[in-house]
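To keep things clear, I will list the structure first and then write my remarks on it.
The values are calculated or read from the model by the stated rules, or taken from the named source; none is laboratory data. Because the structure is a prediction, the values reported are computed rather than measured. All Cβ positions, even for glycine, are placed from backbone atoms using ideal geometry, and neighbour counts span all protein chains on display.
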């Protein structure tokens, strides 16, 4: 059978992850990721599961030279708006407390995060979309904004201790 003309535009397996997990970054289980590195001309779309459990980690403050959309979708089949957790999302130095499934848009150059989700009751479907043809660019914000810095320190202290096995 001849190869289909557009078969390279359909991904059904997660690519081998080339990206280093951040030290205190969230414990995300990769589902699928598409961008210009694995599909020529594609913009970045990443899909993951955030498993249930205590403090799964923290995304620290960062900024992109391109727009980004993130989504956190709860998996309660009886109430699709129920996130199954309480998320604390910082945009610039403003704190947003969210307990419903949500989408958030960050225009290029807008500092966002930390994102803190201290207790996930049910798995959460997470995705991010960035209009960039290759790997998304991150610039970590070394100097945290004052209010967000205090909350980030508190969240890191609550992270489960790493096993020494």
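Some values worked out for this structure:
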read-out	value
Matching residues in the range 54-64 - criterion: being over 19 Å from residue 137 (Cα atoms) and either outside any loop (DSSP other than H, G, I, E, B) or more than 16 Å from the chain's Cα centre (by Cα) (or both)	54
Matching entry among 114, 107 (being without any contact (Cβ under 8 Å) to a residue 60 or more places away in the chain and touching a helix residue (DSSP H, G or I) at 6+ places or on another chain (Cβ under 9 Å))	114
Matching residues in the range 91-106 - criterion: being in a loop (DSSP other than H, G, I, E, B) and surrounded by 15 or more Cβ atoms within 10 Å (Cβ to Cβ)	101
Condition check for residue 153: modelled with pLDDT of 90 or more and farther than 14 Å from residue 62 by Cα	no
Every residue from the range 52-90 that is over 17 Å from residue 26 (Cα atoms) and surrounded by 15 or more Cβ atoms within 10 Å (Cβ to Cβ)	63, 64, 66, 67, 68, 75, 82
Test: residue in the range 31-53 that is at pLDDT below 85 and assigned to a loop (DSSP other than H, G, I, E, B)	no
Test: residue in the range 65-85 that is under 21 Å from residue 129 (Cβ atoms), within 16 Å of the chain's Cα centre (by Cα), touching a residue at least 12 places away in the same chain (Cβ under 8 Å) and not in a strand (DSSP E or B)	yes
